[in-house]
Amino acid sequence: MKINLFLASAALCLAAGGALAQTTSSESTTTTTVTPPAVVAPAPVMPPPPGTLSTTESQRAVDANGNEYDSTKTTYGNVNGAASDSATTTTIQPPPVVETYKKTTTTTSTGD
């Protein structure tokens, strides 16, 4: 009987040791990379034709609300090639005013 108890306890120790040896662990890493937006170089400034002091381009637009957009770009020729100047003007129209009138008419008649 003592031998059976000894064998049972030895078998239990071996089984528990095997279970401990079978434990596993895992590790997970997540990396997020943010890509910055691409930088777009402005278009090169072309000098005006020889003999011309400057060239000016104008654009005008009016949207559905009556807002006006005026843009001008002037290019000057100089010793270094070209220089550029631009201006944009935006005229915003106020929203239309809605006026409501209430007219009340009172008629009084007297009996004769």
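Each reported figure results from applying straightforward, stated rules to the coordinates on display, with no laboratory input. Keep in mind the model is a prediction, meaning the values are calculated, not measured. We place every Cβ from the backbone using ideal geometry, glycine too, and count neighbours over all the protein chains shown.
For the reader, a short list of remarks on this structure follows.
- Across the stretch 54-112, the qualifying residues are those that are outside any strand (DSSP E or B) and in contact with an Asp or Glu (Cβ under 9 Å, 6 or more places away or on another chain), and the one among them that is farthest from P44 (Cα to Cα) is Q93.
- Test for S109: is it without any contact (Cβ under 8 Å) to a residue 40 or more places away in the chain and within 17 Å of T55 (Cβ to Cβ): no
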